[in-house]
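Below: the structure, in structure tokens.
The values are calculated or read from the model by the stated rules, or taken from the named source; none is laboratory data. Values in this document were obtained by computation on a predicted structure and should not be read as measured data. Cβ coordinates were reconstructed from backbone atoms using ideal geometry, including for glycine residues, and neighbour counts include every protein chain displayed. Please note that ligands, DNA and RNA were not included when accessible areas were found on the heavy atoms of the full protein model with its side chains. Shrake-Rupley method; radii C 1.70, N 1.55, O 1.52, S 1.80 Å.
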Amino acid sequence: MKNLIVLLFFILPVCMQGQWNIKYIPADKFSSLEVIGVDTVIASTSGGGRIHRSFDGAQTWAFDQTIFTTSWFNDMHFPTNTVGYACGGTAFGMHTNIISKTTDGGLTWDSLTSNSFFGYEFNTLFFPTDSIGFVAPGPGTALKTVNGGLSFTPVTIPNAVNVTEIYFQKLTNGLFCSYQVIAPNTFVYNIHRTTDLGITWTVVYADTVANVSGINDRRINKVFFVDDNNGYAVGGHGLFLKTTDGGFSWAQSFISPYNNLTALHFTDLNTGYTNNAGGIYRTTDGGTTWNAQQINWLSIIYDIKFANDSIGYAIGEHGIYKTTNGGVLTGIKDIDMLSDISIFPNPSSSSISVESNSLVIKKVAIHNMNGRLVLKKFSGFNNIDVSKLSNGVYTVSVHTKKYKLTKKLIKE
């Protein structure tokens with residue numbers, strides 16, 4: 001065990017009206033987040049093999065310096081409040097394919113394995129119990145332990161060349177998300193289901209896509225179940241999947257403006273959160289509609305976790321954010337702000353006007369269904385020429401000083 005090194009950080013001033021406020025810096029795209037209580041937050045940020053911990057709601061922080069000083073951690077999971085696992089690695093440093101374990105709630109971390117398996121790093125892991133768990137990816141395999149990480153054995157998943165997410169709703173319902181290339185620029189994205197801890201597998205979702213230069217990458221990045229039957233998943237190109245039968249079947253839809261979604265958490269059947277368009281989006285109708293949340297500072301968000309219905313944490317490029325009211329503006333409902341924005345005529349064949357009764361519009365951006373920006377305006381919002389746009393459905397992002405609100409536009 002390494003000695004615990006304590007760091008105290010001054011709390012940054014925050015806007016009282018913010019839905020999500022910055023608490024801790026720094027972080028980056030390799031960061032991972034785990035919430036194991038209302039006030040207990042674990043995070044790995046950037047390289048250096050450090051895992052940070054706060055037990056006062058992100059007010060003060062400490063970190064444990066692991067032996068992996070040239071590696072980073074990509075994912076963490078705590079099956080209990082005290083036992084947790086983290087995985088990662090590096091292509092350039094001393095330790096590849098690293099797995100660490102804590103048994104004291106994240107205060108200290110031990111090395112379980114490194115430099116022992118093919119490749120450079122593990123990207124995802126999940127432990128349904130404190131001793132049984134899986135870690136991936138690998139070329140068609142995952143690793144399984146049944147003794148708390150004392151040993152790992154390969155588990156072959158048919159046609160799962162690249163595992164992107166592991167999730168167990170319970171021991172008898174495990175889901176592995178993966179993709180493989182079956183022809184030049186042709187990808188298959190799958191969800192494999194196991195009921196016997198990886199001995200046998202059933203493909204419950206398959207999506208064959210033409211993916212040229214990553215433009216239509218629909219890999220599944222995150223799965224979350226609310227109960228035994230109801231679950232959700234998000235991924236590339238705004239992918240949103242929903243199941244009501246425990247993962248046997250999945251309904252597919254897409255969340256505008258179709259970015260790569262890596263975060264997902266639902267606090268009940270209807271209320272959920274994901275990262276999109278560089279921020280945090282929230283649904284209150286089970287994923288049918290999504291609205292942008294206010295975050296202070298603006299940041300690219302990587303992961304979102306909630307301790308209960310109200311208290312949640314997110315990690316992004318600028319650090320860790322916190323909400324104490326479920327991501328709802330004080331005194332203002334998301335739907336009220338959205339209804340304050342008017343786009344007319346809609347449908348339109350020539351020009352549109354974007355107006356607000358109470359908000360000052362700073363910018364209007366229009367994206368096509370592939371998420372590509374096709375028009376941007378910083379003034380003249382009452383006469384926006386859309387005549388040169390192809391007929392179809394577009395998303396109109398209306399930016400004010402504090403908010404970004406999104407509505408649909410039909411060009412005909």
**Item:** Residue match in segment 175-191 (condition: free of Cβ contacts under 8 Å to residues at least 60 places away in the same chain, of a type in the set (Val, Ile, Thr) and in contact with a Gly (Cβ under 6 Å, 6 or more places away or on another chain))
**Value:** no
**Prompt:** Does any residue in segment 117-138 that is assigned to a loop (DSSP other than H, G, I, E, B) come within less than 7 Å, Cβ to Cβ, of a residue that is among the charged types (D, E, K, R) six or more places away or on a different chain, and which pairs are these?
**Reply:** Asn123/Asp75; Pro128/Lys170
**Message:** If Leu197 meets every condition in (1) within 22 Å of Lys305 (Cα to Cα); (2) out of contact with any strand residue (DSSP E or B) (no Cβ under 6 Å at 6 or more places or on another chain) apart from one, which number is that one?
**Reply:** (1)
**Fill in**
The number of residues in segment 361-375 that are modelled with pLDDT under 80 and buried (at least 17 other Cβ atoms within 10 Å of the Cβ) is 1
**Request:** Would you please name the residue that is modelled with the lowest pLDDT, looking only at residues in segment 102-116 that are buried (at least 18 other Cβ atoms within 10 Å of the Cβ) and in a strand (DSSP E or B)?
**Result:** Thr113
**Prompt:** Which of the residues spanning segment 152-175 are open to solvent by 60 Å² or more (accessible area, probe 1.4 Å), assigned to a loop (DSSP other than H, G, I, E, B) and either under 20 Å from Met76 (Cβ atoms) or modelled with pLDDT of 90 or more (or both)?
**Reply:** Leu171, Thr172
**Message:** Take Thr283 and tell me if it is among the hydroxyl-bearing types (Ser, Thr, Tyr) and surrounded by fewer than 22 Cβ atoms within 10 Å (Cβ to Cβ).
**Reply:** yes
**Message:** Given the condition basic (Lys, Arg), open to solvent by 30 Å² or more (accessible area, probe 1.4 Å) and under 23 Å from Ala292 (Cα atoms), answer yes or no: does some residue in segment 379-400 qualify?
**Reply:** no
**Message:** With the structure loaded, tell me whether Lys222 is basic (Lys, Arg), over 19 Å from the mean Cα position of the chain (by Cα), in a strand (DSSP E or B) and within 18 Å of Pro79 (Cα to Cα) or whether it fails that test.
**Reply:** no
**Item:** Counted residues, segment 286-304 - those being surrounded by 18 or more Cβ atoms within 10 Å (Cβ to Cβ), touching a His at 6+ places or on another chain (Cβ under 6 Å) and of a type outside the set (Ser, Thr, Tyr)
**Value:** 1
**Prompt:** Has segment 38-49 got any residue that is at pLDDT below 90, under 16 Å from Gly105 (Cβ atoms) and open to solvent by 10 Å² or more (accessible area, probe 1.4 Å)?
**Reply:** no
**Prompt:** Which condition number in (1) at pLDDT below 85; (2) surrounded by 16 or more Cβ atoms within 10 Å (Cβ to Cβ) is the one that Ser358 fails?
**Reply:** (2)
**Message:** If I filter segment 121-143 for residues that are open to solvent by less than 40 Å² (accessible area, probe 1.4 Å), aliphatic (A, V, I, L, M) and over 23 Å from Thr172 (Cα atoms), do I get at least one hit?
**Reply:** no
**Request:** Output the residue which, of all residues in segment 239-250 that are of a type in the set (S, T, N, Q) and open to solvent by 30 Å² or more (accessible area, probe 1.4 Å), is nearest to Ser178 (Cα to Cα).
**Result:** Ser249
**Asked** Among the residues of segment 268-280 satisfying the criterion of being open to solvent by less than 30 Å² (accessible area, probe 1.4 Å) and among the polar types (S, T, N, Q), which is farthest from the chain's Cα centre (by Cα)?
**Response** Thr271
**Request:** Could you tell me which of the residues Ser249, Ser256 is within 24 Å of Tyr189 (Cβ to Cβ), of a type in the set (S, T, N, Q) and at pLDDT 95 or above?
**Result:** Ser249
**Asked** Which one is least open to solvent (accessible area, probe 1.4 Å), of the residues in segment 221-238 that are without any contact (Cβ under 8 Å) to a residue 40 or more places away in the chain and more than 19 Å from Lys305 (Cα to Cα)?
**Response** Gly236
